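Chemist: I am attaching a structure below and will ask some questions about it afterwards.
The values are calculated or read from the model by the stated rules, or taken from the named source; none is laboratory data. Everything numeric in this text was worked out from a predicted model, so none of it was measured. All Cβ positions, even for glycine, are placed from backbone atoms using ideal geometry, and neighbour counts span all protein chains on display. Areas reflect the complete protein model, heavy atoms only, side chains present, ligands, DNA and RNA absent. Shrake-Rupley method; radii C 1.70, N 1.55, O 1.52, S 1.80 Å.
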Amino acid sequence: LAQTIASELPELTKTTLGNRVLFAASLMEGRCATEVDPSSAAAQEIKSLVKEISAFPDSRIVIEGHTDNIPTGNLHRDNMDLSLRRAKTIANILVSHGIPLERISVMGYGDTRPISTNNTEAGRAKNRRVEVKLMPKEGEN
C-alpha cells in the first residue's frame with residue numbers, strides 16, 4: 001500500500017508505523033483554511049487516496065487535524081476547533097466518495113502535536129496538516 005501511494009501521490013509524506021500507514025499532507029491553502037477546492041491538486045490526491053482506502057474494506061480510517069500555534073482570531077473559536085473542522089472536511093470528502101462513515105474516526109489536536117518548529121513560517125506550514133491513517137480492524141495485527 002505504501003509503495004502504491006508513494007508512486008501515485010508523491011506530495012504526500014508516508015511513514016509505516018507498525019500495522020498502519022500514515023499519510024500526511026498540507027491539504028488546505030491558507031493558515032485558517034478548512035475547505036479543499038474541488039479543482040485543486042489536493043482534491044485529486046484525496047480522490048486517489050479513496051481508491052487505496054477502498055482496497056482495504058475492513059480497515060478503519062482515523063483522520064487527525066492539526067494546526068500551528070498561532071491563534072486563529074475570529075474565524076474559528078480556537079486551534080482545536082480549526083483542527084477538528086479540517087479533519088471533518090476530509091472525512092466528508094471520503095464519505096462523498098463512498099467510504100462508509102462508520103469506518104471513520106475524526107480528531108482535532110490543535111497545536112498539541114507539531115511535526116516541525118512553530119518558530120518559522122516553513123515549520124508552521126508543516127504543522128498545518130491533516131493526517132489520514134489506515135488502521136487494521138480491531139483485533140487484527
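Chemist: In region 85-102, is there at least one residue being of a type outside the set (Lys, Arg), in a strand (DSSP E or B) and either touching a residue at least 24 places away in the same chain (Cβ under 8 Å) or over 21 Å from PRO38 (Cβ atoms) (or both)?
Modeler: Checked region 85-102: no residue is of a type outside the set (Lys, Arg), in a strand (DSSP E or B) and either touching a residue at least 24 places away in the same chain (Cβ under 8 Å) or over 21 Å from PRO38 (Cβ atoms) (or both).
Chemist: Return the residue satisfying two criteria in turn: it lies in region 28-56 and is in contact with a Ser or Thr (Cβ under 9 Å, 6 or more places away or on another chain) and of a type in the set (Val, Ile, Thr), and of such residues it is modelled with the lowest pLDDT.
Modeler: Looking at the filtered set, the residue picked out is THR34.
Chemist: Which one is surrounded by the fewest Cβ atoms within 10 Å (Cβ to Cβ) among residues in region 46-101 that are aliphatic (A, V, I, L, M) and within 16 Å of ARG113 (Cα to Cα)?
Modeler: Per the criteria, the residue is ILE70.
Chemist: Say we look at region 103-141 and pick out the residues that are of a type in the set (Gly, Ala, Ser) and in a loop (DSSP other than H, G, I, E, B); which of these is nearest to ASP68 (Cα to Cα)?
Modeler: Once the filter is applied, the top-ranked residue is GLY110.
Chemist: Scan region 119-136 residue by residue and report those that are open to solvent by 30 Å² or more (accessible area, probe 1.4 Å) and under 18 Å from GLY108 (Cα atoms).
Modeler: ARG124, ALA125, LYS126, ARG128, MET135
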